[in-house]
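Here is the structure we will look at, set down as structure tokens.
The values are calculated or read from the model by the stated rules, or taken from the named source; none is laboratory data. This structure is a prediction, so every number in the text was calculated from the model and none was measured. Positions of Cβ are generated from backbone atoms using ideal geometry, with glycine treated the same way; all protein chains shown enter the neighbour counts. Each accessible area value is taken on the protein alone, full model and side chains, heavy atoms only, with ligands, DNA and RNA left out. Shrake-Rupley method; radii C 1.70, N 1.55, O 1.52, S 1.80 Å.
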Amino acid sequence: MPPITNSDDFKPAKMVRWFNPLLLLKAGVKLVVSNIFGNFADRREIMAALDSKWSSRDPFDSTLDFRKTIEEYCAKRFEKEIWVDFISDTGEGYDPTYAVASTVAKQNLILSTGQGQQQYETKRGHILILGGDQVYPYPTREEYDNRFRMPFEKAAVKAGKIDTASCPHLYAIPGNHDWYDGLSNFLKLFCQQRSIGIWKTIQRRSYFAIPLPHNCWIWGIDIQLASDIDKPQLDYFDSIANKYMRKGDKVILVTAEPSWVYNEVRYSNDSFDRLDFFVDRYILREKDKGDSSLDFDLPLVLTGDWHHYARYENKDGSRQYFTAGGGGAHLHLTNNLPEKIQKEFKYVEINKTGEKSLQQSDGVSLKKTFPDKKTSQRLLLKVLGFAISNLELSVLFALVSILFNWLLIREINLNNQGDLQHSYWFAFFSNPVIFILAVAFGLSIYLITDTSTKSSVNARILGIVHGACHCGALVGWSFVCITGSCAFFRLYDICAHNSSCEPVIRVISASVLTGFTSATVFGLYLVLTNLIWGMHVDEASCALRCADYKNFLRIKITKEEIVVYPIGIESAEKCKEQENSDDNLSKGIFLIENPIVIRLQNKD
């Protein structure tokens, strides 16, 4: 997919204004359409069927020519170690995406957790993995170009020239935003073996398995729009496991959402059960109960979807769950993350007779977040300024008020001061259009209530109260401006010479007050329900539109261990201003926590 944007005419993309009513309407339509057509025409199955080498019946070779391309790429260069970078949720605002891309593109990074702390030297990944949602809000060609490709192309210029044979490889799995066009533009960008900056795309499908040195593999799965994994994809991974993998191989699993977190905090979410089934049968090999020759380890699970850094760890530290969705999209708040998750992927246990069974663990614990929970709560308070920061929704509320009050004022005789209040309520209740409009306004607000959390009963009550507050603001300001402002107009003689001016001013006054009040109530509702009940994480984060606190993972794999370096970028603006500085700390680039080490037990 060649670029359609001339770099000379390029204008950096701003952060998406998620509460723009037109954007919300368009996104809703795309979601419905993609769900409908995804059910009838799964692009993953079409992709497998049309693979030009599928006739070989070897999905491993047909997808990537692994034996030649990947093993040679790895074996000739990485006898001692290989480096892998992981980024997720890129392509919303130009500045944060560029901040991450330019940092990832550097050959070496010397990092520490702070001043005076131990420094660690890291190397640019020989492989770059993108963990889903590469562009926002829609996966159009223009958006991929402006919000994803251009930041990475610009970052590549700073990295300098690289020998073609040494170009880092790039692999990507799609997230829900990549799926909104049925995956068309994702496939054109990532599955046609082209270059993006210094990175070369290799894959032919929306999922992949990459063999690495030291008996390690990276499996990237495509879960579509949280649906089941398709049969050709299951056959693909099963074939690789049977033909190319050995007992004790380590699998680093890449998926598009932190289903283990969703399973804990959401009332009805079965995405974890579907992923758990995949892990049980295809990684832990539950279906091979009588044969322990194919027992793979799962030391790392990587994901994005929530745009922050969070690490969960099992009891002995042998399995780590990373959410690292800070590739360029708006920040997701961290203050609602559970400290303990009861359900995680199982472990293999082999008895004395050689038969194996899968055992449930004691769950995983939260070890680190970026930003930390206190900072997240402080950032959340900025949503109280919702009426100003999300002006488009304030305007929408004001437009509803204009329609409501214009209908009312046509039914009322403004010159009848003595009976004006009675006339107001008579018109309100006697005209069904006016009454239904007010009720519909409150009901529409109620319908956005977040009932996905495990406090769904409280959520519905809060939603009713929230809708009633908006309905009250609409009617209340209307009543005040229509019935209570006569003295104001008479006193200042505003409309003495133009009787048609008075109703216009009344309607405009009511609409401005309603728009501001409703938007402020909306922001207050998001803050309170998030702080107290853990609701509306997505909506509160979208309202905040914070472009800072970016992150990505840099992973070193050796024969003895896997080392994960979680890298944070505190401010995209600061990173851009200090771009030419060699001091990473001065640019706000640092290790979020000390490197996480997972020991390997390789036999060779």
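Yes/no matrix, rows are residues, columns are (1) closer than 17 Å to Pro371 by Cβ; (2) touching a His at 6+ places or on another chain (Cβ under 8 Å):
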position: Ala543; (1), (2): yes, no
position: Ile557; (1), (2): no, yes
position: Tyr565; (1), (2): no, no
position: Asn580; (1), (2): no, no
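The single residue among Ile569, Ile589 that is open to solvent by less than 10 Å² (accessible area, probe 1.4 Å) and in contact with a Leu (Cβ under 9 Å, 6 or more places away or on another chain) turns out to be Ile589.
Scanning the range 378-417 for residues that are of a type in the set (S, T, N, Q) and surrounded by 16 or more Cβ atoms within 10 Å (Cβ to Cβ) yields Ser389, Asn390, Ser394, Ser401, Asn405.
To keep it simple, each residue is scored yes or no on (1) more than 17 Å from Gly327 (Cβ to Cβ); (2) at pLDDT 90 or above; (3) part of a loop (DSSP other than H, G, I, E, B).
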| residue | (1), (2), (3) |
| --- | --- |
| Val104 | no, yes, no |
| Thr113 | yes, no, yes |
| Gly125 | no, yes, yes |
| Val157 | yes, no, no |
| Lys200 | yes, yes, no |
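Just to be sure, is Arg319 farther than 21 Å from Asn20 by Cβ and without any contact (Cβ under 8 Å) to a residue 12 or more places away in the chain? In short, no.
Within the range 249-283, restricting attention to residues that are under 20 Å from Thr453 (Cβ atoms) and β-branched (Val, Ile, Thr), the residue that is nearest to the chain's Cα centre (by Cα) is Val261.
Each residue in the range 159-180 was checked for being buried (at least 21 other Cβ atoms within 10 Å of the Cβ) and in a helix (DSSP H, G or I), and 3 of them qualify. Does Tyr138 count as farther than 27 Å from Val563 by Cβ, of a type outside the set (D, E, K, R), touching a residue at least 24 places away in the same chain (Cβ under 8 Å) and part of a helix (DSSP H, G or I)? Against the criterion (farther than 27 Å from Val563 by Cβ, of a type outside the set (D, E, K, R), touching a residue at least 24 places away in the same chain (Cβ under 8 Å) and part of a helix (DSSP H, G or I)), Tyr138 does not qualify. Among the residues of the range 242-280, those that are assigned to a loop (DSSP other than H, G, I, E, B), more than 24 Å from Ile127 (Cα to Cα) and either open to solvent by less than 10 Å² (accessible area, probe 1.4 Å) or polar (S, T, N, Q) (or both) comprise Ser268, Asn269. Restricting the range 184-218 to residues that are buried (at least 24 other Cβ atoms within 10 Å of the Cβ), within 20 Å of the chain's Cα centre (by Cα) and among the hydrophobic types (A, V, I, L, M, F, W, C), the residue that is farthest from Tyr138 (Cα to Cα) is Phe190. So is Ile229 surrounded by fewer than 22 Cβ atoms within 10 Å (Cβ to Cβ) and part of a loop (DSSP other than H, G, I, E, B) or not? Here the answer is yes, as Ile229 does meet what is asked. Please verify whether Ala547 is part of a loop (DSSP other than H, G, I, E, B) and either crowded, with 19+ Cβ neighbours inside 10 Å or in contact with a helix residue (DSSP H, G or I) (Cβ under 6 Å, 6 or more places away or on another chain) (or both), treating the condition exactly as stated. Yes; evaluated as a whole, the condition is true for this residue. For beta carbons closer than 7 Å, sequence separation of 6+ or different chains, a first residue in the range 458-481 that is under 13 Å from Leu443 (Cβ atoms) and open to solvent by less than 40 Å² (accessible area, probe 1.4 Å) and a second that is small (Gly, Ala, Ser) and part of a helix (DSSP H, G or I), the qualifying pairs are Gly467/Gly442; His470/Gly442; His470/Ser518; Cys471/Ala438; Cys471/Gly442; Leu474/Ser401; Leu474/Ala438.
Cβ-Cβ distances below 9 Å connect the following pairs, each with a first residue in the range 142-156 that is within 10 Å of Ala13 (Cα to Cα) and of a type in the set (Lys, Arg), a second residue that is open to solvent by 10 Å² or more (accessible area, probe 1.4 Å) and not in a helix (DSSP H, G or I), and a separation of six or more residues or different chains: Arg147/Ala13. Consider the range 80-103 and keep the residues that are over 24 Å from Leu600 (Cβ atoms) and of a type in the set (D, E, K, R). The one that is nearest to the chain's Cα centre (by Cα) is Asp89. Residues in the range 563-587 that are over 18 Å from Arg545 (Cα atoms) and among the hydroxyl-bearing types (Ser, Thr, Tyr): Tyr565, Ser581, Ser586.
Report yes if some residue within the range 94-107 is within 14 Å of Pro595 (Cα to Cα) and surrounded by 18 or more Cβ atoms within 10 Å (Cβ to Cβ); otherwise report no.
no
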